[in-house]
Amino acid sequence: MFTLLTADSDPDDLSPTNGWGDVPDSDRPLWSRYMVDYAPWFPGVTLMLSIAPGMLRGGTAAPRKWKDLARQLHAVGFTPTDYYLLCQDLELRLERHELTEAEHSRFFDRWGSGRFWQFVPNVDLWAQWPQHVRAGRSPRRATDYILSNGAPRPMGYAVAPVGTTEAPVGD
């Protein structure tokens with residue numbers, strides 16, 4: 001096994017059990033697997049080639065920085081699937097230029113750059129996201145609520161009879 005040395009933390013032995021805190025054992029493989037696709041920190045090609053195959057087969061020997069984020073998100077109600085859905089929505093918004101560093105960087109502790117996904121959501125600002133989803137909003141609409149500070153644009157407008165005003169449609 002490897003010991004990972006980074007400039008900003010203590011050595012990381014990539015333990016499959018240490019560092020997960022209160023994250024349930026049953027969730028750890030999914031957190032690991034989904035962070036292979038949406039890594040909050042990219043440890044480099046060589047290390048990814050070494051650890052990703054194990055995580056794709058259910059292993060949990062993730063870098064400490066991944067476990068730290070999983071632990072923090074779990075503490076505010078995120079499941080691994082929530083994290084994956086949020087990342088998919090954010091990725092789509094980036095591709096459509098609906099999410100910009102100038103306007104949205106405050107929602108992230110780390111803004112991704114380059115070829116690799118490396119966004120780290122500000123856990124305090126995203127803490128309500130799982131509650132919006134549990135309340136029946138779609139993941140995309142939950143993201144709208146977070147990025148708009150609770151005041152998302154209407155989903156559309158109801159067509160009104162002639163002589164009356166249109167009514168916004170929203171949740």
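Those helices (runs of 4 or more DSSP H) of region 97-171 in which at least 1 residues are closer than 19 Å to Thr79 by Cα, modelled with pLDDT of 85 or more and charged (D, E, K, R), considering only elements entirely within it, cover 123-126, 129-134, 139-147. Scanning region 38-86 for residues that are part of a helix (DSSP H, G or I) and free of Cβ contacts under 8 Å to residues at least 24 places away in the same chain yields a count of 8.
In region 37-82, the qualifying residues are those that are at positive phi and in contact with a helix residue (DSSP H, G or I) (Cβ under 7 Å, 6 or more places away or on another chain), and the one that is surrounded by the most Cβ atoms within 10 Å (Cβ to Cβ) is Gly77.
Of everything in region 1-37, what is at pLDDT 85 or above, of a type in the set (Ser, Thr, Tyr) and either farther than 24 Å from Gly112 by Cα or not in a helix (DSSP H, G or I) (or both)? Give them in sequence order. Selection gives Ser26 alone.
The values are calculated or read from the model by the stated rules, or taken from the named source; none is laboratory data. Keep in mind that this is a model prediction, so the values were computed, not measured. Using ideal geometry, Cβ is built from the backbone for each residue, glycine included, and neighbour counts are taken over all protein chains shown.
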